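Chemist: Before we start, here is the structure in question, set down as structure tokens.
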Amino acid sequence: MSIDAHTLFDSLTSWPEARDNYMALDSVEQRTLPTTPATRLFFNPARVRSTAAKVDAESVRRRPCFLCRPNRPARQEYVLWRDYEVLVNPFPIFPHHLTIVSSIHVPQSLTGRVADLFALAVELPQYAVFFNGGQCGASAPDHAHFQAAMELRESEVLRAILDDGGKPIVSNADGLVVASEASGRLAYHIVCHDAMRAAGLFATLATLRTLDENMLNAVATCRRDGTVDIVIVPRRRFRPWQFDAQGEAQIMISPATVEVLGLFVLPRREDFEKISAADAIDIISQVCFTSDNELTISNK
Ligand SMILES: [Zn+2]
């Protein structure tokens, strides 16, 4: 059964608040920074609630979970897929932006869900399906979920990672895992043809590199021939120092998968206007590793 995302977007006609947020995307200003690969900036004030969200354990515990069905707007339709509910994201970054939430309230986790990530990429071949670790971008770390966006496939950072031959980490009958440093940040690229084998390759990688699933971002895309590429970006830090800086030095950015793939969502106009290529490189170097060697040494 494939996921009918079109019907979900059609349902927005009866949910004006979300529809208005999608229409507002037309006026989101964009510009590009000359980093290699390029960094694209999006000035999107509606995302401030997500960028500035308090995601510490106490703040999360005290608020009602906005991904649980009883707490969601009654007008928000969903499509059931396995143990998930597929929703239109009511606070979008992209014109085609889905949230795929676990039907039950359990903590954000990739372990045990890699086969689902693989299958979602196959079910949504026009989309990039992505995962934010519980401590690096998930605004609901207490409720397991993925997101998906068509436009994320256009990330130049993602393209650089997928096109890079990289350094082999695992190569066996299940598939291949390489470490790519070509985009200026460390990424592990899993190439696979089968959901269970993808899960096995991820488990092997996580053991070899002592990965913390709360501190990684992941994205999966499906090729025309059914091969799935899963990219894992390990994180060393959630927010850069600029997030908490005062005055001119402050840049309000909370890097999640979208940002580490070179698409910076900035809710404040002053940040959108002042941020430089050097700032973008500095922010990525704070929150990501630059090489497989660096991660290996830091985990020892
Ligand atoms: Zn929940």
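Chemist: Residue 58 versus (1) more than 16 Å from the ligand (Cβ to nearest atom); (2) free of Cβ contacts under 8 Å to residues at least 40 places away in the same chain; (3) farther than 23 Å from residue 7 by Cβ; (4) within 18 Å of the chain's Cα centre (by Cα): which is the lone unmet condition?
Modeler: (4)
Chemist: Among the residues of the range 25-55, which ones are under 27 Å from residue 84 (Cβ atoms) and without any contact (Cβ under 8 Å) to a residue 60 or more places away in the chain?
Modeler: Hits for the range 25-55 are 49, 54.
Chemist: Same structure again: Sort out which residues of the range 70-82 are without any contact (Cβ under 8 Å) to a residue 24 or more places away in the chain and either within 20 Å of residue 4 (Cβ to Cβ) or not small (Gly, Ala, Ser) (or both), and write them in order of number.
Modeler: 70, 71, 72, 80
Chemist: Residues of the range 148-167 being in contact (Cβ under 8 Å) with a residue 40 or more places away in the chain and closer than 24 Å to residue 200 by Cβ, which ones? Full working, then the answer.
Modeler: Of the range 148-167, the ones in contact (Cβ under 8 Å) with a residue 40 or more places away in the chain are 148-153, 155-162, 167.
Of everything in the range 148-167, those that are in contact (Cβ under 8 Å) with a residue 40 or more places away in the chain and closer than 24 Å to residue 200 by Cβ turn out to be 148, 158, 161, 162, 167.
Chemist: Look at residue 271 and say whether it is closer than 29 Å to residue 188 by Cβ, at pLDDT 95 or above and either open to solvent by 50 Å² or more (accessible area, probe 1.4 Å) or part of a helix (DSSP H, G or I) (or both).
Modeler: So residue 271 fails the test.
Chemist: Then there is this: Can you tell me which residues in the range 171-225 are open to solvent by less than 10 Å² (accessible area, probe 1.4 Å) and either assigned to a loop (DSSP other than H, G, I, E, B) or farther than 20 Å from residue 261 by Cα (or both)?
Modeler: Those that are open to solvent by less than 10 Å² (accessible area, probe 1.4 Å) and either assigned to a loop (DSSP other than H, G, I, E, B) or farther than 20 Å from residue 261 by Cα (or both): 183, 186, 192, 198, 201, 205.
Chemist: With the requirement that a residue be touching a helix residue (DSSP H, G or I) at 6+ places or on another chain (Cβ under 9 Å), within 16 Å of the ligand (Cβ to nearest atom) and not polar (S, T, N, Q), what does the range 72-95 give you?
Modeler: Those that are touching a helix residue (DSSP H, G or I) at 6+ places or on another chain (Cβ under 9 Å), within 16 Å of the ligand (Cβ to nearest atom) and not polar (S, T, N, Q): 73, 78, 83, 84, 85, 86, 87, 90.
Chemist: Limited to the range 96-119, what total is found for residues that are within 16 Å of the ligand (Cβ to nearest atom) and of a type in the set (Gly, Ala, Ser)? Reasoning before the result, please.
Modeler: First pass over the range 96-119, keeping only residues within 16 Å of the ligand (Cβ to nearest atom): 99-109, 113.
Filter once more, keeping what is of a type in the set (Gly, Ala, Ser): 102-103, 109.
So the count comes out to 3.
Chemist: Filter the range 87-103 down to residues that are assigned to a loop (DSSP other than H, G, I, E, B) and aliphatic (A, V, I, L, M), then give me how many there are. Talk me through it step by step, then tell me what you get.
Modeler: Of all residues in the range 87-103, those assigned to a loop (DSSP other than H, G, I, E, B) come to 89-96, 103.
Of the ones still in play, those that are also aliphatic (A, V, I, L, M) are 93.
Result for the range 87-103: 1.
Chemist: Those residues that are away from the ligand (no atom under 15 Å from the Cβ) and surrounded by fewer than 24 Cβ atoms within 10 Å (Cβ to Cβ), I need them from the range 137-151; list them, please.
Modeler: 150, 151, listed by residue number.
Chemist: Here's another thing I want to ask about it. Tell me yes or no: at least one residue of the range 237-247 is in contact with a Pro (Cβ under 6 Å, 6 or more places away or on another chain) and touching a residue at least 60 places away in the same chain (Cβ under 8 Å).
Modeler: No, the range 237-247 contains no residue that is in contact with a Pro (Cβ under 6 Å, 6 or more places away or on another chain) and touching a residue at least 60 places away in the same chain (Cβ under 8 Å).
Chemist: Please enumerate the residues belonging to the range 120-131 that are in contact with a Phe, Trp or Tyr (Cβ under 9 Å, 6 or more places away or on another chain) and either among the aliphatic types (A, V, I, L, M) or within 16 Å of the ligand (Cβ to nearest atom) (or both).
Modeler: Within the range 120-131, 120, 121, 129 meet the criteria.
The values are calculated or read from the model by the stated rules, or taken from the named source; none is laboratory data. Here the structure is a predicted model, which is why all the values come from computation and not from measurement. Because the Cβ atoms are built from the backbone with ideal geometry, glycine has one as well, and the counts that use them run over all protein chains shown. For the accessible areas, the whole protein counts, side chains as well, though only heavy atoms, and no ligand, DNA or RNA atoms are used. Shrake-Rupley method; radii C 1.70, N 1.55, O 1.52, S 1.80 Å.
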